[in-house]
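Down below is the structure, laid out as structure tokens.
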Amino acid sequence: MKRTIENIENQFETFQILNENGEIVNQDAMPDLSDEELKELMFRMVYTRILDQRSIALNRQGRLGFYAPTAGQEASQLGTHYALEKEDFVVPAYRDVPQLIWHGLPLYQAFLFSRGHFHGNQFPEGVNALSPQIIIGAQYTQAAGIALGMKKRGKKNVAITYTGDGGTSQGDFYEGMNFAGAYGAPAIFVVQNNRFAISVPVEKQTAAKTLAQKAVAAGIDGIQVDGMDVLAVYAATKQARERAVNGEGPTLIETLTYRYGPHTMAGDDPTRYRSEDLDNEWEKKDPLVRFRKFLEGKGLWSEEEENKVIEQAKEEIKEAIKKADEQPKQKVTDLMENMYETLPAHLQEQYDEYKAKESK
């Protein structure tokens, strides 16, 4: 049995296209992206890094609510999303707001979601996505159901969902993959392995050598990808999507990545459970630095172009937070009205009480 497990684990080698110096190490796997598409991918990564920096600052100023930093995971998040089509369905976890924004969610509504304002969850028509899931792993079962619905309707689209390494310890993780595998649903399950589920290292989450191998039990394809290499992430997701829409079933993608900041801004201190040496090791793998070197080597990127993106991001973030500030404040009665078409008697009494207070 031990040899059997080892044989399975050894099949899951890390898929990589660019090394840490931005050099191609797997020419055969290079995705067919034009120069403009490569630059657009870099644009999104730089923009998202600035968005993360500004969101952290806004949170510290008390102008945002819940926020989970994303720096370090841009290649994992945006590489997977860039391989999607507009009609595909995104089922995110709470750290995956960038994918929602690039899928069409207005930035000011992303800020309202962080504040807990109901308008932040009222997605515009045509934005095929659910609100970020707070319950760990629940999005996996949601994605399986959405994917099955697409299959039954004959749609050539996929549902993609995300969780962290800690999410693989949840029952919903296995149930979602097993269900999608059994029905051949067009789903893509992404595990963003940033090594720590809050403070718990991945080695204490599971005895498995990889998280990708957990696909074997569900009878679906699995792959482990260098999550700091945006081209590898894109290529793996593109292939998973093609398989799914061609009726070949779901795929589990494990991206080896790292979050440079805390788990969330709600008091987490990563210095208590992560060493300085480990942080330094992963900083050398920064996905923006790696892809920047690659593009500069092709003559497609410059400091001037990056500064333009930075300034654009700052200006649009400034306008978005201003628009979010202009939205009417959420009231207790709004919550009740949004939850119920007809209020039960015990809530009607409370509703009348709060309505009277709010009218003063």
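Since every read-out is calculated from the coordinates, none of them should be taken as a lab result. What you see is a predicted model, and the numbers here were worked out from it, not measured in a lab. Cβ placement follows ideal geometry from the backbone for every residue including glycine, while neighbour counts extend to all protein chains displayed.
Projecting label points 7 angstrom from Cα along Cα→Cβ for LEU278 and ARG63 puts them 3.4 nm apart. Taking chymotrypsin sites (Phe, Trp or Tyr not before Pro) across the range 274-360, the ones in a DSSP loop with at most 14 further Cβ atoms lying within 10 angstrom of their Cβ are TYR340. Only the Cβ atoms of Lys and Arg (+1) and of Asp and Glu (-1) were treated as charged; on that basis the dipole of the chain about its Cα centre amounts to roughly 720 debye. Counting only residues at least eight positions apart within a chain, or on another chain, the lysines with an alpha carbon under 18 Å from that of LYS156 are LYS86, LYS238.
With just the Cα atoms defining each centre, how far is the range 291-360 from the range 1-49? Give it in Å. Their Cα centres are 33 Å away from one another. Once all Cα-Cα distances of the range 2-327 are split into 20 Å bins that start at 0, what whole-number percent is in each one? Result returned by the calculation: 33, 61, 6, 0. Rounded to the nearest 20 debye, the dipole magnitude of the range 311-360 is 200 debye, with +1 charges on Lys and Arg beta carbons, -1 on Asp and Glu beta carbons, and the Cα centre as origin. Counted residue by residue at 0.36 nm each, then reduced by the alpha carbon distance between them, the extension gain from LYS155 to GLU296 reaches 46.8 nm.
Given Cβ point charges of +1 (Lys, Arg) and -1 (Asp, Glu) and nothing else, what value in debye, to the nearest 20, does the dipole of the range 260-360 about its Cα centre take?
Details: 18 positive and 26 negative charges, 14 e Å.
With only Lys, Arg, Asp and Glu charged at Cβ, the dipole is about 60 debye.
Taking H placed 1.01 Å from N in the peptide plane, check which residues at least 5 places from ALA129 or on another chain put their amide H under 5 Å from its amide H. The answer is VAL90.
With a/c under 1.5 counting as rounded, go ahead and sort the range 40-120 into rounded, prolate or oblate using the C-alpha gyration tensor (a ≥ b ≥ c being the square roots of the eigenvalues; past the cut-off, prolate if a/b is larger than b/c, else oblate). Because a/c hits 1.5 or more and a/b fails to exceed b/c, the range 40-120 counts as oblate. Over the chain, dividing the summed -39,500 (n - 2.57) contributions of all DSSP H runs of at least 4 residues by the number of residues returns a 222 nm mean residue ellipticity of -15000 deg cm²/dmol. Here LYS214 is the anchor, and the aspartates and glutamates within straight C-alpha reach of less than 17 Å, apart from those fewer than 8 places off in the same chain, are GLU6, GLU9, GLU13, ASP165, ASP172, GLU175, GLU203, GLU254. Here's the picture: charge each Lys and Arg Cβ at +1 and each Asp and Glu Cβ at -1 in the chain, and of LEU278, ASN121, PRO106 the one pushed furthest to the positive end of that dipole is ASN121. Which residues in the range 246-272 have a backbone N closer than 13 Å to a point placed 7 Å from the Cα of LYS204 along the Cα-to-Cβ line? Zone members listed by number: 272. Restricting the range 159-218 to trypsin sites (Lys or Arg not before Pro) that sit in a DSSP loop and have at most 16 other Cβ atoms within 10 Å of their own Cβ leaves LYS209.
Excluding same-chain neighbours fewer than eight residues apart, the lysines reachable from LYS322 by a Cα-Cα span under 24 Å are LYS308, LYS314, LYS331. Of all beta bridges that DSSP places with both ends in the chain, some 10 percent have antiparallel geometry. What does the C-alpha gyration tensor say about the overall shape of the range 1-74? Classify as rounded when a/c is under 1.5, otherwise prolate if a/b is larger than b/c, or oblate. Oblate is the answer for the range 1-74, as a/c is 1.5 or above yet b/c matches or exceeds a/b.
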